[in-house]
Structures are given as structure tokens and as C-alpha cells.
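A single structure is presented below for examination.
The values are calculated or read from the model by the stated rules, or taken from the named source; none is laboratory data. Predicted, not measured: the structure shown is a model, and the values here were computed from it. Cβ sites come from the backbone with ideal geometry, for glycine too, and all protein chains shown count toward neighbours. When the accessible area is computed, the model is the full protein with side chains, heavy atoms only, and any ligands, DNA or RNA have been set aside. Shrake-Rupley method; radii C 1.70, N 1.55, O 1.52, S 1.80 Å.
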Amino acid sequence: MIKQFIDKLLGKKARNNTDGGNRGNTHAEAERPARGARASRKIFGTRRDVGAEVHGIDPKLVDRRANEVVTTLQDHGYEAYIVGGAVRDLLLGLKPKDFDVATNATPEQVKALFRRAFIIGRRFRIVHVVFGRGRENEVIEVTTFRAYLDNQAADKVSGNEKTSRQALANVQHAVDASGRVLRDNVWGSQQEDAARRDFSINAMYYDPRTQTVVDYHKGIEDARRHTIRMIGEPATRYREDPVRMLRAIRFAAKLRALGFTLDAKTAQPLSELRGLLGDIPPSRMFDEMLKLLQTGHALASIAELRELHLESGIYPLLDLIVARGDQPLVQLALQDTDRRVAEGKSVAPSFLLACVLWDDVQRLWQQYQQDGLAPHPALHQAIDETFERRVGDVSGRGKLGADMREIWVMQPRFERRTGKAPLSLVEQPRFRAGFDFLRLRARTGELDEALAQWWETFSLASDEQRLQMLEEARRQSQQSCKLGTGGTGPKRKSRKPRTQDDATADTPAEAADVTEDAVDMADMADMADVATTPDDETAPPAAKKRRRRRRKPADAKPADGGLPGAAAPRAPDAQA
């Protein structure tokens, strides 16, 4: 009994002295390795090397720079493969837009082999190998094989990425309370790395030198069946990194035209677990939202979210875009974004978001003007409030906000087509973005399309043609004013005709108070031809404008009897 107590205290199992018990233990010990092998195969898969005669990848579709990175790593004794979506596209006969490389070399070892290589990231450390400069540059992303680790054994952090920076310092593997991975920089084998990837169609490795595809999770079969399937148990994988839910939606939208659909088990937990996205930092959610909307499949992404009943609860700004996706201006902006990506043109988030939030800006702009603010400050206050409420604190906030503001502020300026304003507006750096916004507004019926057509012609015209167009616009504006139908802006108040008695009543000091601003206003009024004509033909003619200031005699005393040393009127040359 004492021996049994000691064995129990030391954690030893009691022995069964019967023959049947011995046979039972022997059988259990024999089954344990078999179960472990089956579990290992389920997690890590079984390696299959597929030759070119089976997969049929065209080597000509492989980017030469990706090929150079793989060759350089292999020549220095490292394993290296093209990996991820590029292999999937190659299997489908498509030319990949981006190429990623996976290797067993560490980020520091990769960086040492290339002249222009940069280690980035905290959560996952990767290397960007850069080729070329300026707009012609190409980035090959190189990642190190990652180990497959049990999150139960990882360091637990109570907060998130932002609130737990000190706790995450010098930590290689850490998760938060919900199981989301916050740090993961433990290197492993290719087989472990494949198990760590999201989807089977993205977990294949292609060696361009031997033209062999390494497949652990039947990715080739899923690609041919047009199925997007999560590796492992989907709910667990989503908890590890909730952004995988957005990646699933993005791949489904991207491959929708090719007939790909989400596997039922992969799609089922999405609606239930979307609340986990609330713990993701806003900047990362903003970046993932842009990947949904600016990779050429914006309309398909909106449709996919609606089909999966994920119209809300993902990210406030994305929820708003989905809700307004059927508005004419937003729909045209999404179509325009997809078109530009398909044509290989650049797209800016500022333009799309300016279209989405224009309704908010207009409503607040009108409200502030009704409260008594002048149009210009009312517009800027509406912009500030809209941006703060809808966009918030995201990466690149300063430039994003400045670009959106320029687009919005240009809109009322487009309605003025006289004077020198059009000449200065067309030279603005963001003129094209502002004009494209005007063009979409005209297509929705918000503005007359003739206005957008005029600005398009004006922007492409020569200097001489522009002057002719401005003169024609001036004559039309003058004629409209005479007919009482011109102008959309506020009417100028007509001044009471100035009589001779009023002119002689002015003291020299009062006459000197005519400022340069008043002269400029008169010049602008003449240029725009917005002066009104008296209805009564018998009314006395308006006094001729006086453009010269009366010069006060040098020996004259101040009109109000001021003390010596008081400020004297400005000299006439100061008005120039």
C-alpha cells in the first residue's frame, strides 16, 4: 500500500499483474503510434512530387526575377521554391501578377545574398527583394519555412497587438486570449510550412529548375475541381488569424469568374466568427479592405459578402461600402476601379472613398450652410467631420485625407468657367482625379454632362483654344445674366447708385479707406460680368467707379483731430 501511494505521488501508473491486463497494455501501446501517424498525416499531409508531364505548367509564364531569386538561393545551398497563389495561377494557365518565394534560409541569410533586400514585419518577418526603380520596380517576397506549433504551448498575452507591445518584445511565438497569433517567427521544414498555409490551392511549391510541383494537401486536385478548401479545421484556423476570413472572401471573389467556390466546411463558420475581426487593429483591417476592393474584383467582393450574409459586422467602413454598393456613384466608382486594374492602370483609395463618402459630405455641407456658415468653410468643416467619423485612425491617414479633400474641394470650382480660375484649376496636380470624380457625378445625373464635356475639352486644348473657350463662356454667362437665368452661385447684392452729394460728403480720411481688396473685388466682378441691370429704365445711371484714391495733403490735419504720431494713410504705391 505504501508503494502504491509513492507510485501515485510520483505519477506512475499502477501495473496490472494479470495476463489479460498485460495483453491489453501491449495492444494499446501498439495502437498509439498508429493513431499518431494517422494524425500526423492529417495535419501535415503526404508529400507528392508532380512532374511537368502531369501539372502542365508553362515555364515561360514564370517571371525572370522570381526565377533569379530561386536560382540564387539554390546556388548557395538553400532550398527555394515559388509558392502560393503564383503556383495556383500557373496551374490554371494564367500569368501570375505577383510571385512569392519560400526557402529554408533565414531572413538574415536571404538579405545577405541580394543587394536590394529589406526585412519587414514584426508578426511574420519576411524579406522584400527589389528589382528596378521607380514605377518599373518589382518586389519578390521571400519567406522562411515556418514551424507548425501548437498554440496551446505559445506565450499568452492578455491584450492585442497595440496594447501588449512590451509583453511581445523578444517573443517568438505568442497568441492572445482568443487564440489569434500575434508573433510567429519560429522556423521549420517545408512540410510544416505547407500545413501552416491557409488553403490547399495556395500550399503548393514549384521548383522552376526541375519543373516539379511539391503538393502536400491535394492542392492540384482542388484546383482542378475549382474548390477553395481550408487546410485543417476551419474554425480553429480562423481563430488563429481572423483575417483569414477576409482572405477566403477575397479568393472566392477573385476566382469567381473561373468557377471557383468556397468549400462548405470552409464557408460555414464565417458568419459565426466574424466578431473576432473586432480585435484586429484598424490599420490592418483597412489594408485588408483595400485588397478586397482594389485588386480588380471589387464588384465580385461585394456580391460574395452579400451571398455569405456578411453585409455587416466586418469593418465599419467596409459595411458602409457594401450598404451603398447599389448607389449610382458608388457602383460607377467600383466599376471604374475594376476597369483600371484590368487595364494595368494605378488606382488610389482616395478616389474610391471620396465617391463612397460624397453623400455624407454633401449632407453636412448643406447643413452647415443652413446654420450660417459661408460655403467654403462649411465645406471644409463637413470634410473634417466626415473623415473623422467614417475613416478614423488608419495607416497613411495624412495623405489619404489630403487627397480626398482636394477632390471634394475642386467640385464647386468646376462650376466657374470665367476669368482665370479655369486656367489655374487645370494645372492642379490632382486635377485629373477631381475631373474623373466630376465625370462620374455627371453620369449619375447629379450634374449636366455638358459641364464635364467642357472641362474634358478644355483640359486637352491648346493655350489659344482655351482662351477662345473662356471668351465664349464669358459671353454665355453675360447673356444668361441679362436674361436672369445665369449662375448657380449666390447672387451679388446690387449697390445703391452713388450720388454726387455722397461723393462730396466724404472726408479725405474716409476716402482713403478704399482698400486694395475692394478694387480687386471690382475687377473680379467686371471679369465675371455678374453685375445686374436696373429694371427701371428711368433710374439714374450708376456713378462711374473711382479706381484712384484721394491723396491726403502732406500738411493736412487728421479729420478727427487725432494726436500727432497717429498712423498715417498708406502711400498710393502700396495698393499696387
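I'm trying to understand the selection: among the residues of segment 424-434, which are open to solvent by less than 50 Å² (accessible area, probe 1.4 Å), over 16 Å from residue 352 (Cβ atoms) and not aliphatic (A, V, I, L, M)?
431, the sole residue that qualifies.
Return a yes/no flag: does segment 79-94 have any residue that is touching a His at 6+ places or on another chain (Cβ under 7 Å) and assigned by the TED database to the domain that holds residue 126.
The answer is yes, given that some residue of segment 79-94 is touching a His at 6+ places or on another chain (Cβ under 7 Å) and assigned by the TED database to the domain that holds residue 126.
Which one of these is under 22 Å from residue 349 (Cα atoms), of a type in the set (A, V, I, L, M) and open to solvent by 20 Å² or more (accessible area, probe 1.4 Å): 290, 276?
Only one candidate qualifies: 290.
Which residue is most open to solvent (accessible area, probe 1.4 Å), if the candidates are limited to segment 383-402 and must be part of a helix (DSSP H, G or I) and touching an Asp or Glu at 6+ places or on another chain (Cβ under 8 Å)?
If we take residues in segment 383-402 being part of a helix (DSSP H, G or I) and touching an Asp or Glu at 6+ places or on another chain (Cβ under 8 Å), then 389 is most open to solvent (accessible area, probe 1.4 Å).
Given the structure, is residue 421 at pLDDT below 95, open to solvent by 50 Å² or more (accessible area, probe 1.4 Å) and hydrophobic (A, V, I, L, M, F, W, C)?
Spelling it out, it is not the case that residue 421 is at pLDDT below 95, open to solvent by 50 Å² or more (accessible area, probe 1.4 Å) and hydrophobic (A, V, I, L, M, F, W, C).
One line per residue, one yes/no per condition, for (1) β-branched (Val, Ile, Thr); (2) under 30 Å from residue 257 (Cα atoms):
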| site | (1), (2) |
| --- | --- |
| 330 | yes, yes |
| 340 | no, yes |
| 343 | no, yes |
| 352 | no, yes |
| 358 | no, no |
| 365 | no, no |
| 381 | no, no |
| 390 | no, no |
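Okay, moving on. Kindly indicate which of 441, 474, 405 is open to solvent by less than 20 Å² (accessible area, probe 1.4 Å) and of a type outside the set (Gly, Ala, Ser).
441
Also, I was wondering about something else. When only residues in segment 106-147 that are within 21 Å of residue 189 (Cα to Cα) and of a type in the set (Phe, Trp, Tyr) count, which is modelled with the lowest pLDDT?
The extreme case among them is 124.
From the list 323, 354, exactly one residue is small (Gly, Ala, Ser) and either open to solvent by 20 Å² or more (accessible area, probe 1.4 Å) or over 18 Å from the mean Cα position of the chain (by Cα) (or both). Which is it?
None of the other options fit; the residue is 323.
Please work out which residue is least open to solvent (accessible area, probe 1.4 Å), limiting yourself to segment 227-243 and to residues that are within 25 Å of residue 259 (Cα to Cα) and among the hydroxyl-bearing types (Ser, Thr, Tyr).
The residue in question is 238.
Of everything in segment 200-226, what is over 30 Å from residue 75 (Cα atoms) and either of a type in the set (A, V, I, L, M) or open to solvent by 10 Å² or more (accessible area, probe 1.4 Å) (or both)? Give them in sequence order.
221, 223, 224, 225, 226
Let me ask you something else. List every residue pair whose Cβ atoms sit under 9 Å apart, with the two residues 6 or more apart in sequence or on different chains, where the first one lies in segment 185-208 and is farther than 17 Å from residue 85 by Cα and the second, anywhere, is in a strand (DSSP E or B) and open to solvent by less than 10 Å² (accessible area, probe 1.4 Å).
Between residues of segment 185-208 that are farther than 17 Å from residue 85 by Cα and residues that are in a strand (DSSP E or B) and open to solvent by less than 10 Å² (accessible area, probe 1.4 Å), the close pairs are 185/144; 187/144; 188/144.
Identify, from the list 311, 343, 240, the residue that is of a type in the set (Asp, Glu) and within 21 Å of residue 230 (Cα to Cα).
None of the others qualify; the one that does is 240.
Give segment 293-311 a look and list any residue that's hydroxyl-bearing (Ser, Thr, Tyr) and either crowded, with 20+ Cβ neighbours inside 10 Å or in contact with a Phe, Trp or Tyr (Cβ under 9 Å, 6 or more places away or on another chain) (or both), or say none.
Within segment 293-311, just 301 meets the criteria.
Output the residues belonging to segment 99-117 that are open to solvent by 60 Å² or more (accessible area, probe 1.4 Å) and farther than 27 Å from residue 61 by Cβ.
108, 109, 111, 112
While we're on this one: Of all residues being among the small types (Gly, Ala, Ser) and assigned to a loop (DSSP other than H, G, I, E, B) in segment 66-85, which is surrounded by the most Cβ atoms within 10 Å (Cβ to Cβ)? Just the residue, please.
The residue in question is 84.
Yes/no matrix, rows are residues, columns are (1) in a helix (DSSP H, G or I); (2) out of contact with any Lys or Arg (no Cβ under 9 Å at 6 or more places or on another chain):
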position: 305; (1), (2): yes, yes
position: 311; (1), (2): no, yes
position: 321; (1), (2): yes, yes
position: 333; (1), (2): yes, yes
position: 338; (1), (2): yes, yes
position: 344; (1), (2): no, yes
position: 352; (1), (2): yes, yes
position: 358; (1), (2): yes, no
position: 369; (1), (2): yes, yes
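Of all the helices (runs of 4 or more DSSP H) wholly in segment 148-238, which have at least 1 residues that are in the same structural domain as residue 70 (by the TED database), more than 27 Å from the chain's Cα centre (by Cα) and at pLDDT 60 or above?
Correct list: 190-196, 219-225.
Could you check segment 86-113 and list, in sequence order, the residues that are over 30 Å from the mean Cα position of the chain (by Cα) and not in a helix (DSSP H, G or I)?
Those that are over 30 Å from the mean Cα position of the chain (by Cα) and not in a helix (DSSP H, G or I): 103, 104, 105, 106.
Next question, about the same structure. Conditions first: (1) touching a Gly at 6+ places or on another chain (Cβ under 9 Å); (2) exposed (fewer than 14 other Cβ atoms within 10 Å of the Cβ). Residue 376 passes all but one, so which condition is the exception?
Result: residue 376 fails condition (1) only.
I need every pair where a residue in segment 301-318 that is within 20 Å of residue 386 (Cα to Cα) and in contact (Cβ under 8 Å) with a residue 24 or more places away in the chain has its Cβ under 8 Å from the Cβ of a residue that is among the aromatic types (Phe, Trp, Tyr) and part of a helix (DSSP H, G or I), sequence separation at least 6 or different chains.
Taking only residues 6 or more apart or on different chains, the pairs are 315/286; 317/286.
I'm trying to understand the selection: among the residues of segment 253-273, which are open to solvent by less than 60 Å² (accessible area, probe 1.4 Å) and farther than 18 Å from residue 232 by Cα?
Scanning segment 253-273 gives 253, 255, 259, 260, 271.
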